[in-house]
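The values are calculated or read from the model by the stated rules, or taken from the named source; none is laboratory data. The model shown is predicted, which means the values in this text are computed figures rather than measured ones. Note that each Cβ is placed from the backbone with ideal geometry, even for glycine, and that neighbours are counted across all protein chains shown.
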Amino acid sequence: MSLEVDIEKSMGGFRLEAAFAAGNETLGFLGASGCGKSLTLRCIAGIEKPDAGRIVVNGTTFFDKAPGRRAKVDLTPQQRKTALLFQNYMLFPNMTVRQNVMAGMDRGMQPESRDRIVEAQVRRFGLVGLEGRYPAQLSGGQQQRVALARMLAANPGILMLDEPFSALDAHLKSSLEQNLIGLFEEFEGTILYVSHDIDEAYRFCDRIAVVDAGHIDEIGPKDQVVHHPSSLAAVKLSGCKNTTSAVYAGEHEVRLPEWGVSVHAADQVPRDVKWFGVRAFMLRRASEPGVNVFRVRADRVSDSRFERTVMLSFLDAQGEAAAKDAAEEDSTMKFLKNHIQWRVDKLAASAGPLPEEGDEFLIEIPSRSMYLVTR
């Protein structure tokens, strides 16, 4: 099983340039809204037509068009036999559960074979007893299970899911994730999974492609992308809350102009370094001065059930950060740029007091817990 994609498409001021290959695996597309993730899937399914490029699934060419010329190959969505699960599931409202499950199946199939496949999918997804109901009579979770059953019943060559949990609450999402895990384990072929949630992508996918402004910034095994990102887009999407511009200051030294400090890096600093990142939960409170230990003040504090988020300013900031004119930009953006976020585990901190707004103390940025990227 294989997938090869190399396409271009312009829509207004947006340009998609997607080139990648996938095998018998689950490949996640991770990126912000509007970056081109869903558009890529729609082009593969035949819902949208690229301006140029090539799409090949399991040896069958779906689309082939040279720039400025008529397409040599452009199969219809029905001919492509792909399965694309949308955010809203796209069930036919005038069809029953059974009819919806049958909707994508080969119309020339023998009735006995068709019924056997439908019954198997109904049982697999816990829809027994609901076969005669219409979508409006189903819960969100039941609708999703019908959509998944329809996907498998059609025996597609490739599975594609476009943020399938975006319309569900947290409790229902957790229980329905097990349906997908089982589905992915049984399906032999390529699965494409679109998400903007790094934890969700990490749970489901073997590899992750980071999409930014119509381009794939980087692609690789999920552990590599999450723990060793090589671009600012990947750093942010990996869940890192603290990113700022960086300037080379030595083999193991980097200057952070917006924070007004310099930090020592355990690894060698690239000469063309542009961005620095550190996860909010990796910061540590220090008891005495030392390497990468800074005097800070808690300027804002907010709580969730298990964490306290603290926005810290550097009391000894120098240079650009200290001299910046507040009128240059929006005050909220200036606050975010000049502060570093620290997330404190309330349970782990139970032995001592939690930081309060106005507190001044020492904080350490561990030299082995930072990201330094060049793009």
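If I ask for residues that are surrounded by fewer than 16 Cβ atoms within 10 Å (Cβ to Cβ) and charged (D, E, K, R), which ones from segment 242-272 would you list? Result: Glu251, Glu253, Asp267, Arg271, Asp272. Being under 12 Å from the mean Cα position of the chain (by Cα) and either surrounded by fewer than 18 Cβ atoms within 10 Å (Cβ to Cβ) or β-branched (Val, Ile, Thr) (or both) is a description that applies to Gly239. Being buried (at least 17 other Cβ atoms within 10 Å of the Cβ) and at pLDDT below 90 is the filter here, so list the residues in segment 122-140 that pass it. The answer is Arg124, Phe125. A Cβ distance below 7 Å, combined with a sequence gap of six or more or placement on separate chains, defines the contacts here; from segment 269-296, residues that are free of Cβ contacts under 8 Å to residues at least 24 places away in the same chain reach residues that are assigned to a strand (DSSP E or B) in the pairs Arg271/Tyr248.
Within segment 141-150, can one find any residue that is small (Gly, Ala, Ser) and surrounded by 19 or more Cβ atoms within 10 Å (Cβ to Cβ)? I'd like the intermediate steps shown before the answer.
Residues of segment 141-150 that are small (Gly, Ala, Ser), as a first pass: 141, 147, 149.
Filter once more, so that each one left must be surrounded by 19 or more Cβ atoms within 10 Å (Cβ to Cβ): 147, 149.
Looking through segment 141-150, at least one residue is small (Gly, Ala, Ser) and surrounded by 19 or more Cβ atoms within 10 Å (Cβ to Cβ).
Quick check, is Val263 assigned to a strand (DSSP E or B) and aliphatic (A, V, I, L, M)? In short, yes. Across segment 344-365, the qualifying residues are those that are closer than 27 Å to His227 by Cα and modelled with pLDDT under 95, and the one among them that is surrounded by the fewest Cβ atoms within 10 Å (Cβ to Cβ) is Leu347. Each residue in segment 1-49 was checked for being within 17 Å of the chain's Cα centre (by Cα) and more than 14 Å from Leu192 (Cα to Cα), and 4 of them qualify. The condition (being free of Cβ contacts under 8 Å to residues at least 60 places away in the same chain and within 28 Å of the chain's Cα centre (by Cα)) is satisfied by just one residue among Glu251, Glu200: Glu200. Gly141 fulfils the conditions (1) at positive phi; (2) in contact with a Leu (Cβ under 6 Å, 6 or more places away or on another chain) except for a single criterion, (1).
Are any residues in segment 25-59 farther than 24 Å from Ser238 by Cα and in a loop (DSSP other than H, G, I, E, B), and if so, which ones? Can you show your working first?
Pass one, segment 25-59, residues farther than 24 Å from Ser238 by Cα: 42-59.
Once the filter is applied, which keeps residues that are farther than 24 Å from Ser238 by Cα and in a loop (DSSP other than H, G, I, E, B), segment 25-59 yields Gly46, Ile47, Glu48, Lys49, Pro50, Asp51, Asn58, Gly59.
Scanning segment 171-202 for residues that are aliphatic (A, V, I, L, M) and surrounded by 13 or more Cβ atoms within 10 Å (Cβ to Cβ) gives Leu172, Leu176, Leu180, Leu183, Ile191, Leu192, Val194, Ile198, Ala201. Number of residues in segment 106-131 that are touching a Lys or Arg at 6+ places or on another chain (Cβ under 7 Å) and not in a helix (DSSP H, G or I): the value is 4.
Name every residue in segment 1-50 that is among the charged types (D, E, K, R) and crowded, with 22+ Cβ neighbours inside 10 Å, in order of residue number. I'd like the intermediate steps shown before the answer.
As a first pass, look at segment 1-50 and keep what is among the charged types (D, E, K, R): 4, 6, 8-9, 15, 17, 25, 37, 42, 48-49.
Across segment 1-50, the qualifying residue is only Lys37.
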